[in-house]
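Down below is the structure, laid out as structure tokens.
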Amino acid sequence: MHSLQFTAESSSNGVVERDFTVGDVPGVLWSPASGAIDRAPLVLMGHGGGNHKKHPAMAGRARLLVTGCGFHVAVIDAPGHGDRPRTAHDEAEIAELFRARAAGEPEGPIVVRYNDHLAELTVPEYQALLDALQELPEIGGDGPVGYWGINMGTAIGVPFVAAEPRIT
């Protein structure tokens, strides 16, 4: 089990944003500024392919969930995305995707194959993240947990949700 290490914190408009790592996986947790003792539901989110944890689509939705619903929201960078280095496998899949796109060939089979690979790597990372977040007093282990993903985040999220009984 990896511990959660906060690396930066800022606050604005009722939202506390804390960067963190779990092991070597970087992420961000947005929380209500009302105080660390206030328990609230948690939503884990997955970003789209080619993006990162703080992409405007992620940050905007997180802020809406925090300010509109009082939830905590966490996102990690998928392997080869954001602050995580690309591997030779990532580079080969991306090159194949761009080659197919330039040739007018179907991209779907490449995207599905790559997303499946990323899901295999990322599902255990989200499980470790959930373990770590549930240790925080403001989240705890007995509150509701949800998941929301866009594009690649959905391709990772479906197997994660299927494997994780704590997602309610």
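The values are calculated or read from the model by the stated rules, or taken from the named source; none is laboratory data. Because the structure is predicted, anything quoted here is derived from the model rather than measured. Virtual Cβ from ideal backbone geometry, glycine too; neighbours counted across all protein chains shown.
Considering each residue of segment 65-90, count those that are under 16 Å from the mean Cα position of the chain (by Cα) and part of a helix (DSSP H, G or I), and give that number.
So the count comes out to 2.
With of a type outside the set (Val, Ile, Thr), touching a Lys or Arg at 6+ places or on another chain (Cβ under 8 Å), part of a helix (DSSP H, G or I) and at negative phi as the only criterion, which of Glu93, Glu9 stands out?
Glu93
How many residues does segment 145-165 contain that are under 22 Å from Lys53 (Cα atoms) and in a loop (DSSP other than H, G, I, E, B)?
The number of residues fulfilling the criteria is 3.
For segment 14-56, please list each of the strands (runs of 3 or more DSSP E) lying entirely inside it that holds at least 2 residues being crowded, with 22+ Cβ neighbours inside 10 Å and touching a strand residue (DSSP E or B) at 6+ places or on another chain (Cβ under 6 Å).
Of the strands (runs of 3 or more DSSP E) lying wholly inside segment 14-56, those with at least 2 residues that are crowded, with 22+ Cβ neighbours inside 10 Å and touching a strand residue (DSSP E or B) at 6+ places or on another chain (Cβ under 6 Å) span 25-32, 42-46.
Looking at Ala95, Ala74, Ala59 in this structure, which one is among the hydrophobic types (A, V, I, L, M, F, W, C), at pLDDT 95 or above and exposed (fewer than 12 other Cβ atoms within 10 Å of the Cβ)?
That would be Ala95, the only listed residue that is among the hydrophobic types (A, V, I, L, M, F, W, C), at pLDDT 95 or above and exposed (fewer than 12 other Cβ atoms within 10 Å of the Cβ).
Yes or no: Leu42 within 26 Å of Leu118 (Cβ to Cβ) and in contact with a Leu (Cβ under 8 Å, 6 or more places away or on another chain)?
Against the criterion (within 26 Å of Leu118 (Cβ to Cβ) and in contact with a Leu (Cβ under 8 Å, 6 or more places away or on another chain)), Leu42 qualifies.
Looking only at segment 124-144, count every residue that is within 12 Å of the chain's Cα centre (by Cα), free of Cβ contacts under 8 Å to residues at least 60 places away in the same chain and either part of a loop (DSSP other than H, G, I, E, B) or within 11 Å of Gly46 (Cβ to Cβ) (or both) and tell me the total.
Of the residues in segment 124-144, 0 are within 12 Å of the chain's Cα centre (by Cα), free of Cβ contacts under 8 Å to residues at least 60 places away in the same chain and either part of a loop (DSSP other than H, G, I, E, B) or within 11 Å of Gly46 (Cβ to Cβ) (or both).
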